[in-house]
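What follows is calculated from the coordinates using simple rules that are stated; it is not laboratory data. Here the structure is a predicted model, which is why all the values come from computation and not from measurement. Cβ atoms come from the backbone with ideal geometry, glycine included; neighbour counts cover every protein chain shown.
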Amino acid sequence: MIDLEGVGVTYPGGVEALKPTSLSFGSEITVLLGTSGAGKSTLLRAINQLVTPSSGTIRSAANGLVSGGCELRQHRRDTAMVFQQHQLIGSLTALKNVLTGRLAYHSTWRTLFSLAPQDRLIALAALERVSLLDFALRRTDSLSGGQQQRVGIARALAQQPAMVLADEPVASLDPATAANVLKLLSDICKSDGIGAIISLHQVQLARTFADRIVGIVEGSVVFDGPPEALNDQVLARIYRQPVQDLAPEAELNGSPSAELALSLAME
Ligand SMILES: Nc1ncnc2c1ncn2[C@@H]1O[C@H](COP(=O)(O)OP(=O)(O)OP(=O)(O)O)[C@@H](O)[C@H]1O
Ligand SMILES: [Mg+2]
């Protein structure tokens, strides 16, 4: 459980990207929706303090008040990030990239080559979870986009987190691969009791995979509820358009084939 109390972020230069926000996150799958620039990435980054909040407090069940030092290190270890562009090192194998998820467990900076055998077992098990064990020794830049994102998920799992923070994890994937990758991530999180906060631009994927949807407009939460409550009025508020101007669902998803891809992935 992570509790945000009045957490706000004002960037140098004065942009108030996140207005003081109080939210609690547990082991559910939360999807953040909002237009470009709404503050989704800022919220995700504030949660594990990749961006330092300008105000408010963050507490976690495991680490208490997260302010700095040891608690912050442990909090970052407990909150694994998955990025849109994977943030993998292309010249390294999938296994070595996943092993970087273990580095946070070592107080001194060891090289990837001197991590304990136990770390390798954890990394291999994580690759197996995403069905990439056979690709463990392949350079990651030789993998497809979907496979690379599965390596990104395996790296997050190797960190043995309590929460996954995923910033548009499927934005650069085709609709079918996007649905498959999200299904994989949500299935693993649910079976392991890991919470997830995922920013998305695809409303249909949000409806399918979210237990809870948080809508953000200009740094403020304007909706916080279950997917069933995400009606046209709410969507119009989140996307700041009159209801009658809302694009048909397929277009909001970014691709007319998204619905078909989703149904295939869910079979
Ligand atoms: N490092 C930064 N310095 C200054 N302003 C920033 C910085 N990062 C983001 N911003 C601004 O903060 C606001 C929120 O940005 P943020 O990246 O959180 O939005 P977002 O909802 O993730 O958008 P997108 O959907 O395009 O990824 C925007 O106005 C953006 O220009
Ligand atoms: Mg963003």
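If you project the alpha carbons of the chain onto their three principal axes, what span does each projection cover, largest first, in Å?
59, 43, 34
Quick one: net charge around GLN87, please, counting Lys, Arg +1 and Asp, Glu -1 for every other residue with C-beta under 15 Å from its C-beta.
Working: positive: ARG45, ARG76, LYS96, ARG150, ARG155; negative: ASP141, ASP167, GLU168.
Computed value for this residue: +2.
What number in nm² do you get for region 84-166 if you take the convex hull of its Cα atoms and divide its surface by four?
Values: hull surface 20.9 nm².
The Cα convex hull of region 84-166, projected and averaged over all directions, gives 5.2 nm².
Checking the cross-link filter: which aspartates and glutamates have an alpha carbon closer than 14 Å to that of LYS19, excluding same-chain neighbours under 8 positions apart?
Within reach: GLU5, GLU218.
I need to check one value: relative contact order of the chain, counting alpha carbon pairs closer than 8 Å and at least 6 residues apart, in percent. Provide the component values of the computation, followed by the final result.
Working: 512 pairs, mean separation 64.4, N = 267.
Reported as a whole number, the value is 24 percent.
Provide the percentage of antiparallel DSSP beta bridges, counting only those with both residues in the chain; round to the nearest 5.
Roughly 50 percent of the DSSP beta bridges within the chain come out antiparallel.
Need one word for region 59-100: rounded, prolate or oblate. Basis is the Cα gyration tensor (sqrt eigenvalues a ≥ b ≥ c); a/c below 1.5 gives rounded, then a/b vs b/c decides. Intermediate values should be presented prior to the final figure.
Values: a/c = 3.40, a/b = 2.64, b/c = 1.29.
Judged from the Cα gyration tensor, region 59-100 comes out prolate (a/c at least 1.5, a/b above b/c).
In percent, what relative contact order does region 1-143 have, based on Cα pairs under 8 Å that are 6 or more apart in sequence?
Numbers: 175 pairs, mean separation 28.0, N = 143.
Relative contact order, region 1-143: 20 percent.
DSSP beta bridges in region 129-246, what fraction antiparallel, as a percent rounded to 5?
On the way: 5 of 10 bridges.
The antiparallel proportion sits near 50 percent.
Percent relative contact order of region 105-204, based on C-alpha pairs within less than 8 angstrom and at least six residues apart?
26
Using 10 Å bins from zero, what percent of all Cα-Cα pairs in region 80-223 falls into each bin?
It works out to 12, 42, 32, 12, 2, in whole percents.
How big is the C-alpha Rg of region 17-63 next to the rule-of-thumb value 2.2 N^0.38 Å, as a ratio? Don't skip to the end; give the middle numbers.
Details: Rg = 11.2 Å, N = 47, 2.2 N^0.38 = 9.5 Å.
Ratio of Cα Rg to 2.2 N^0.38 Å: 1.18.
Can you compute the FRET efficiency between THR57 and ASP224 using 1/(1 + (r/R0)^6), with r the Cβ-Cβ distance and R0 = 25 Å? Round to the nearest 0.05. Can you show the working numbers first?
Numbers: r = 19 Å, r/R0 = 0.77.
Between THR57 and ASP224 the formula returns 0.85.
Give the shape of region 1-44 as rounded, prolate or oblate, defined through the alpha-carbon gyration tensor: a ≥ b ≥ c are the square roots of its eigenvalues, a/c under 1.5 means rounded, and otherwise the shape is prolate if a/b is larger than b/c and oblate if not.
It comes out oblate by the Cα gyration axes.
I need the calculated FRET efficiency for the pair ARG139 and ALA171, taking r as the beta carbon distance and R₀ as 30 Å, to the nearest 0.05. Let's see the in-between values first.
On the way: r = 23 Å, r/R0 = 0.77.
Once the sixth-power term is evaluated, E becomes 0.80.
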